[in-house]
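Values in this text are rule-based calculations from the coordinates and carry no lab data. Because the structure is a prediction, the values reported are computed rather than measured. Here the Cβ is made from the backbone with ideal geometry for all residues, glycine too, and neighbour counts use every protein chain on show.
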Amino acid sequence: MNPREHIAAFGTSAGELSVGGMPLSRLAARVGETPFFAYDRRLLDERVDLLRATLPREVELSYAMKANPMPAIVQHLARRVDRIDVASGLELRTALDTGIRPDRVSFAGPGKTPSEIRQAVAAGVLVEIESARELARVATAGRDLGLVPLAAVRVNPDFSVRGSGMRMGGGPQQFGVDAEQVPELLRSADAAEVDIRGFHVFAGAQNLDAAIIAEAQRRTVDLIETLAGGLAGPLRYLNLGGGFGIPYTDRDRPLDLTVVATGLQTLIDGRIRPTFPDAETVIELGRFIVGECGVYVTKVLDRKVSRGRTYLVVDGGMHHQLAASGNFGQAIRRNYALAVGTAAAGPPVETVTVVGCLCTPLDLLGDDAELAAADVDDLIVVFQQGAYGLTASPINFLGHPAPAEVLV
């Protein structure tokens, strides 16, 4: 959805936005305080349904919990997806608390501590190896526990993906094992009695170009074909990564999921199934699943004019929503979609700058935004807030209270 369509997806009731069918003012009264994040269960289910209907049926869907680790969301998605990917010991425990089978959980990311690795091996989750030292630590945990650890190798490919908001593969990287080092690592894994089931290649995030994503998937399969011969057994796990983006601004065009799906089906039919008949093909998504199901709601504390510019000062800000402030990797800051929650049905009538309550000019949520007229106590809604919101923000900066999170 483009930003305007995303606003419309939340619907209106008597001129108000609604979340989960509940008018925003009523939801705010139930939460009891602002700011808060609200996630719409219906939109979450619609996104999973879209993926199931569009992607090839052979593809297993993994939820990358780092996008939004709220326990209620993880519990809900555990019943809808095939796998969960975690990136810390706390995320690991959150995933296992859902009751999902441990071998359907993968643990990725550089810098896993020996304690986290031991927890993962003991639980029977699949550890994605990021370095030779990490392999040694996995092997040590297995010997100490009397278990054969389940693992995959995260590969830093010898190519990069154009058009990604963040490049996470190609060139020097802290992520994964350089492709040219993988054969030696696999020989070490065999000697260390670690069950390496396959590979994970994640080359870039937040990509809106379907053709580029399809090309990256083809090149990933090319790479895996050169590496799979080093496995002790057949390839059983093939994680093609994800990187599916969502539009945050009016300049962004939504990803054409059908183009991605068509290319992926061609890969499965022509190469993956014939060459790797035992492989479970995985697409790992976080932002694309949860990003458009959420909003951030904050209240106007003050309205002031400074040398001709109108400011709305709200009780939230970058300490809860770093990305919307432009300080989470944006090269050029652009406004996320904004609306006045109690006047969503009306046209924009004034240009205002929406700022947070922190003592820094970086605390900016909307610069020269066209909004319906708003004053003290009105609610300002920031959209596309289901992913990389609260847990990706400096929540303790200046000591303001943490916002609530609700799944409606």
Next item on the list: Give me ARG187, ARG133, ARG47 ranked fewest to most by other Cβ atoms within 10 Å of their Cβ, as a rough exposure proxy.
Entry: ARG133, ARG187, ARG47
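How high is the relative contact order of the stretch 48-137, in percent, counting Cα pairs under 8 Å that sit 6 or more residues apart? It would help to have the intermediate numbers written out before the result.
Details: 107 pairs, mean separation 19.9, N = 90.
Relative contact order comes out at 22 percent.
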Checklist line | Cα-only Debye scattering, the stretch 69-285: base-10 log of I(q)/I(0) at q = 0.09 Å⁻¹ | finding: -0.35
Note to self: Using the Cα centre of the chain as the reference point, and only Cβ charges (+1 on K/R, -1 on D/E), how large is the resulting charge dipole? Debye, rounded to the nearest 20.
What the structure shows: 180 debye
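Give, as a single signed number, the net charge of other residues whose beta carbon lies under 10 Å from the beta carbon of ARG303, with Lys and Arg counted +1 and Asp and Glu -1.
Values: positive: LYS304; negative: ASP302, ASP375, ASP378.
Net of charged neighbours comes to -2.
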Margin query: Need the C-alpha centroid separation for the stretch 121-146 versus the stretch 32-67, integer Å.
Written below: 30 Å
Margin query: Which residues among the stretch 27-63 fall inside the zone where the amide N is under 12 Å from a point 7 Å beyond the Cα of ARG273, along Cα→Cβ?
Written below: 56-59
Next item on the list: Identify the GluC sites (Glu not before Pro) of the stretch 1-106 meeting these criteria: DSSP loop state and at most 13 other C-beta atoms within 10 Å of the C-beta.
Entry: GLU33
Note to self: Cut-off is 10 Å between beta-carbons; in what order do SER306, SER393, SER160 appear when sorted fewest neighbours first?
What the structure shows: SER306, SER160, SER393
Next item on the list: Counting only C-alpha contacts under 8 Å and six or more residues apart, can you give the relative contact order of the chain as a whole percent?
Entry: 20 percent
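What Kirkwood hydrodynamic radius do you get for the chain when you take the inverse of the mean 1/r over all pairs of distinct Cα atoms, in Å?
Values: mean 1/r = 0.0449 Å⁻¹.
Every distinct Cα pair counted, the radius reaches 22.3 Å.
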Check: Using +1 on the beta carbon of Lys and Arg, -1 on that of Asp and Glu, and nothing else charged, what's the dipole of the stretch 69-285 about the Cα centre, debye to 20?
Finding: 320 debye
Note to self: Which one, ALA122, LEU257, LEU135, is farthest towards the positive end of the dipole of the chain when Lys and Arg carry +1 and Asp and Glu -1 on their Cβ?
What the structure shows: ALA122
